[in-house]
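Have a look at the structure below before the remarks.
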Amino acid sequence: MANYKEAPLATRPKTLDPAEYFNLSPDYRRSEENRAALRSRLKRQYLLQLNNPHRQELIEDPALSRWIHARGSNIYPNFRPTAKTSLLGGLFGVLPLFVLYFVFKTDRDKREAKMKAGTYERPYKLSS
């Protein structure tokens, strides 16, 4: 720890901060040890279940359960599907498609009408 030189734009890691590393109360250290022991027991239990060649049941994966819950619930509390958001979605999502279709279709129809009338000059010559 004596050779550690702090970076100018980064904060000191928690494990190297003397105030956080040495001045911890015994209760805090004990609670950290209990949390680490609980995590290691849960990890060992999950790995034993996962690697059991004779298992018949499904394994409850907490990460998968959290993912399914987050996917099914509304994780964007500021967004609510209302008439205003639906209108804005249609305005910025669907309307441009119709506008582009109309522009391209009318341009093609005008060019085709000029070709039928014989007044269309090709901007690029395909043959000489």
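The values are calculated or read from the model by the stated rules, or taken from the named source; none is laboratory data. Quick caveat, the model's predicted, so the values are computed rather than measured. These accessible areas exclude ligands, DNA and RNA; they are computed on the full protein's heavy atoms, side chains included. Shrake-Rupley method; radii C 1.70, N 1.55, O 1.52, S 1.80 Å.
The conditions are (1) within 30 Å of the chain's Cα centre (by Cα); (2) assigned to a loop (DSSP other than H, G, I, E, B); (3) among the basic types (Lys, Arg), and Lys5 fails exactly one of them. Which is it?
That leaves (1) as the condition not met.
If I ask for residues that are at pLDDT below 75 and hydroxyl-bearing (Ser, Thr, Tyr), which ones from segment 1-15 would you list?
Tyr4, Thr15, listed by residue number.
Looking only at segment 108-128, count every residue that is open to solvent by less than 80 Å² (accessible area, probe 1.4 Å) and either assigned to a helix (DSSP H, G or I) or among the β-branched types (Val, Ile, Thr) (or both) and tell me the total. Walk me through it before giving the result.
Here is the first cut: in segment 108-128, the residues open to solvent by less than 80 Å² (accessible area, probe 1.4 Å) are 109, 113, 117-118, 120.
Going one step further and asking which of them are either assigned to a helix (DSSP H, G or I) or among the β-branched types (Val, Ile, Thr) (or both), we end up with 109, 113, 117.
So the answer is 3.
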